[in-house]
Amino acid sequence: MYNPVLFRDRSRAAQILIGGVVPSAIGALAGVLIGASAPAYWVVALLAAVGAFVAGFEHLDGWGGADRGFFGGAFYGAALLVVHALVGTHAKVSLGSFPPLLAVVTTLVGMLLSAGGGRLARARRSDVSSAGVQA
């Protein structure tokens, strides 16, 4: 069974890297790709979504996952918008009529996905502990 190290048990440097730098770097990549290729952008966005869900497994429950997803989604969305603006290309995917709202959306989606992962991880841990008690 997949049993990751809890985020809270990692060193502060690892927490910063995993919880802030990685989502920012992926968001920056998405910011470049949004002006280069819509399919490539969507592939990176999908991988980021999967990563947000799996990140929830490093928390005791959905609430811990939601906290991490909130910040990861915010970093991802902010980096996407900043890098896209710096690159100066025309977006191949709609950023909506008010692009800063995209950072709010990525924050909420990241929070929900990580919360789902944390909730699922909690349920799996309780199933395993229940099975151990019965055996």
Any residue at all in the range 110-130 that's touching a residue at least 60 places away in the same chain (Cβ under 8 Å), out of contact with any helix residue (DSSP H, G or I) (no Cβ under 7 Å at 6 or more places or on another chain) and among the β-branched types (V, I, T)?
yes
Tabulated pairs, the range 65-87, first polar (S, T, N, Q), second in a helix (DSSP H, G or I) and surrounded by fewer than 24 Cβ atoms within 10 Å (Cβ to Cβ), C-beta under 8 angstrom, 6+ apart or interchain
none
If you go through A36, A49, A85, A66, the only one that is more than 27 Å from A14 (Cα to Cα) and not in a loop (DSSP other than H, G, I, E, B) is A85
Whether any residue in the range 114-128 is surrounded by 22 or more Cβ atoms within 10 Å (Cβ to Cβ), hydrophobic (A, V, I, L, M, F, W, C) and over 15 Å from G27 (Cβ atoms) is what I want to check.
yes
Scope the range 49-71; condition crowded, with 20+ Cβ neighbours inside 10 Å and either farther than 18 Å from A115 by Cα or acidic (D, E) (or both); matching residues:
E58
What about A91, is it touching a His at 6+ places or on another chain (Cβ under 8 Å), surrounded by fewer than 20 Cβ atoms within 10 Å (Cβ to Cβ) and in contact (Cβ under 8 Å) with a residue 12 or more places away in the chain?
yes
A74 fails exactly one of the following numbered conditions: (1) closer than 16 Å to L112 by Cβ; (2) hydrophobic (A, V, I, L, M, F, W, C); (3) outside any helix (DSSP H, G or I). What is the number of that condition?
(3)
Can you pull out the residues in the range 42-75 that are of a type in the set (V, I, T) and in contact with a Leu (Cβ under 7 Å, 6 or more places away or on another chain)?
V44
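Hey, could you check the range 19-35 for residues that are of a type in the set (G, A, S) and more than 23 Å from E58 (Cβ to Cβ) and say which is surrounded by the most Cβ atoms within 10 Å (Cβ to Cβ)? Quick ask: steps written out before the conclusion?
So in the range 19-35, the residues of a type in the set (G, A, S) come out as 19-20, 24-25, 27-28, 30-31, 35.
Adding the requirement that they be more than 23 Å from E58 (Cβ to Cβ) leaves 31, 35.
Details: G31: 25, G35: 17.
Per the stated criteria, the residue is G31.
Each value in this text was obtained by applying a stated rule to the coordinates, not by laboratory testing. It should be emphasised that the depicted structure is a prediction, and the values quoted were computed from it without experimental measurement. In this analysis, Cβ positions are derived from the backbone assuming ideal geometry, glycine residues included, and neighbour counts consider all displayed protein chains.
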